[in-house]
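Here is the structure we will look at, set down as structure tokens.
Derivation of every value follows stated rules applied to the coordinates shown; laboratory data play no part. Predicted model, so just to flag it, every value in this text is computed and none were measured. Virtual Cβ from ideal backbone geometry, glycine too; neighbours counted across all protein chains shown.
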Amino acid sequence: MKFKFEKLVVWQKSLDLADRVHNLAKTFPRDEIFALTSQIRRAADSVSLNIAEGSTSQTNPEQKRFLSIALRSNMEVVGALHLARRRGYLKNDDFTEVYSICHEMLLMLAAMRKKL
């Protein structure tokens with residue numbers, strides 16, 4: 001691995017989150033494709049992309065800023081999960097699984113920020 005972020009467990013888990021969300025969003029109704037489907041996918045992708053971008057920062061405060069953006073994107077995924085479940089697009093088991101991944105991501109991102 002040539003880039004420092006590729007070694008981060010939090011980044012690797014963020015890829016798993018993005019893949020899981022992408023696959024779940026395929027089951028959303030077609031009329032949501034430009035709304036909730038797109039929103040939840042972009043939010044999930046944003047978590048890993050901001051971790052990667054922040055890892056190239058020259059200063060700890062700058063890296064913290066990108067981790068904060070990743071954290072907020074993670075929270076956006078959680079909000080979208082709630083909407084999808086309320087609208088009947090997700091089974092409770094799928095909601096619980098991805099919600100748990102998001103909670104794990106929250107803890108990892110917060111710990112990483114605190115460490116800087």
Three principal axis lengths of the range 48-116 [C-alpha, angstrom, descending]: 44, 16, 13
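Set the Förster radius R0 to 25 Å, insert the Cβ-Cβ distance between I33 and E53 as r into 1/(1 + (r/R0)^6), and round the FRET efficiency to 0.05. Spell out each step's value before the answer.
Details: r = 27 Å, r/R0 = 1.07.
Step by step, r from the Cβ atoms, then E = 0.40.
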If we restrict to alpha carbons, what Rg and Dmax does the range 42-86 come to, in Å? 12.0, 42
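What is the gain in length, in nm to one decimal, between K115 and N23 on full extension, counting 0.36 nm per residue of separation less the C-alpha to C-alpha distance? Provide the component values of the computation, followed by the final result.
Details: separation 92, 0.36 × 92 = 33.12 nm, distance 3.27 nm.
29.9 nm is the gain from fully extending K115 to N23.
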So, over other residues within a Cβ distance under 12 Å of K91, counting Lys, Arg +1 and Asp, Glu -1, the net charge is -2
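How many percent of Cα pairs in the chain exceed 22 Å? Please list the in-between numbers first.
On the way: 2104 of 6670 pairs.
Across the chain, Cα pairs with separations above 22 Å total 32 percent.
Calculate, for R42 and E97, the FRET efficiency according to 1/(1 + (r/R0)^6) with r their C-beta to C-beta distance and R0 25 Å; round to the nearest 0.05. Could the numbers behind the result be given before it?
On the way: r = 20 Å, r/R0 = 0.81.
Computed FRET efficiency for R42 and E97: 0.80.
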If you add up the charges near F34, with Lys and Arg at +1 and Asp and Glu at -1, over every other residue whose beta carbon is less than 12 angstrom from its beta carbon, what do you get? +1
Could you please report the charge total around A111, scoring K, R as +1 and D, E as -1 over all other residues with beta-carbon less than 13 angstrom from its beta-carbon? +4
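Going by how many other beta carbons lie within 10 Å of each one, how would you line up S55, S73, fewest first? Walk me through the numbers on the way to the answer.
Numbers: S55 17, S73 22.
Least to most surrounded, the residues fall as S55, S73.
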Taking the dipole of the chain about the Cα centre (Lys, Arg +1; Asp, Glu -1; charges at Cβ), the one of L15, L106, A80 that reaches farthest to the positive side is L106
